[in-house]
1. Scan around T44 for amide H atoms under 5 Å from its own, H built in the peptide plane at 1.01 Å from N, and keep only partners 5 or more places away or cross-chain.
2. How big is the gap, in Å, between the Cα center of the range 44-59 and the Cα center of the range 143-184?
3. Computing the accessible area with a 1.4 Å probe over protein heavy atoms, can you report the carbon and sulfur percentage for the range 225-345?
4. Out of L338, V234, T170, whose Cα points farthest toward the positive end of the dipole of the chain (charges: +1 Lys, Arg; -1 Asp, Glu; placed on Cβ)?
5. Provide the convex hull volume over Cα atoms per residue for the range 128-282, in Å³.
6. Using the Karplus equation 6.51 cos²θ - 1.76 cosθ + 1.60 (θ = phi - 60°), what ³J(HN,Hα) coupling, rounded to whole Hz, does each residue of the range 152-167 give in order, writing x for Gly and Pro?
7. Once you have the Cα-Cα distance between I326 and N342, take 0.36 nm times their residue separation minus that, and quote the gain in nm to one decimal.
8. Please work out the Kirkwood hydrodynamic radius for the chain, using every pair of different C-alpha atoms, and report it in angstroms with one decimal place.
Amino acid sequence: MFEIYVIFFTLITTILTNYILSKTRILIDKKYLAHKSFLTKNETPLSGGIIFFLLVCFFLPHQFDIFKVIFFLILLVGILSDLNFISSPVKRIILQVIIILIFLYFSQTFISSIKLPLFDSYLENIYFRYVFTLLCFLILINGSNFMDGANTLAIGYYLIIAGVIIYVVTKYELNFDQHYLKVIFLTLSIIFIFNFFGKLFLGDSGAYLISFIIGYFLIDFANAISASIGNEKVSPYFVACLLWYPAYENLFSIIRKKIKNISPTEPDNKHFHQLLFIFIKKKFNYSGDISNTLTGLIINAFNLLIFINATNNITQTKNLLLLILISLLFYNSIYFYLLKINKIN
């Protein structure tokens, strides 16, 4: 009954939000920059983040009230970016740093271990914990924004992650409250359907907010798991395996721009999903909309395979590290192949 209630409320919220934004012409994707019109030129409501925020705030209990304020601030930075009021990536990052530090102070949600004794000893220092966890959040939310350019990609990615955690907690009977993850899963499922048909986009606001909230729950999940599976505990690299793609998308983008003497904050049309889009469109002569959606589905299908293997090796750190390495090698190989076949310098 609860699940039906969440689905119904999400549907109503989505329809009303899209209607209001379309009528008022607020937060409509008007393609201020060239890279934003790379995949499609249609004007679409950037409503995904607002819808997600409203539903999360509605279903989270009162003890999360301070978190709701933080979630709103993250959403607000994204909205101001979507409206082109904050066009400078540097200013956005500064605001993100301030908001995340406030969140860490009130929530005391830190990454406590990466299973490397020397590094874990540094994590015992509170200041190092702040800096490391802050950097991880920054990489995650900005990497998620980088990869958000194909229909279903970012939404589908975090939808799969929420589903995987729910599956793992249920399968291994772990001591973790999955109630709110179920709310997130159901909410993202409805948003995914609307995004699949091009009826809404996440925008910067949605990419920032969804990745931030999922990142918080994953840290909470990693820290809360005290029960063992057999004689071993869940490896922290299981979570790293779930987040490899947006994290590497961010780091790889910075590295390749540095090599080309381009500012890391400068947007471009050479992200993995953009190259795959060009290949699909040219190879199969599909329309832009079909190629766009197919791009997101293909990338998420690959990541689903990675996640399935990760769940089967949830306690095996060496296997999980190998899985991450394979993912990175596959990403690089396909990326440079697409550059070559698309004849892009």
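The values are calculated or read from the model by the stated rules, or taken from the named source; none is laboratory data. Just so you know, these numbers come straight off a predicted model, no measurement behind them. Backbone-built Cβ (ideal geometry, glycine too); neighbour counts: all protein chains shown. Calculation scope for accessible area: heavy atoms of the full protein, side chains included, ligands and nucleic acids excluded. Shrake-Rupley method; radii C 1.70, N 1.55, O 1.52, S 1.80 Å.
1. It is D29, by chain and number.
2. After rounding, the separation between the Cα centres reads 16 Å.
3. On the range 225-345, the fraction of accessible area on carbon and sulfur atoms equals 63 percent.
4. My answer, from the dipole projection, is L338.
5. Per residue, the Cα convex hull of the range 128-282 comes to 143 Å³.
6. 6, 5, 5, 4, x, 4, 6, 5, 5, 4, 4, x, 5, 5, 4, 5
7. Computed gain between I326 and N342 is 3.4 nm.
8. 20.7
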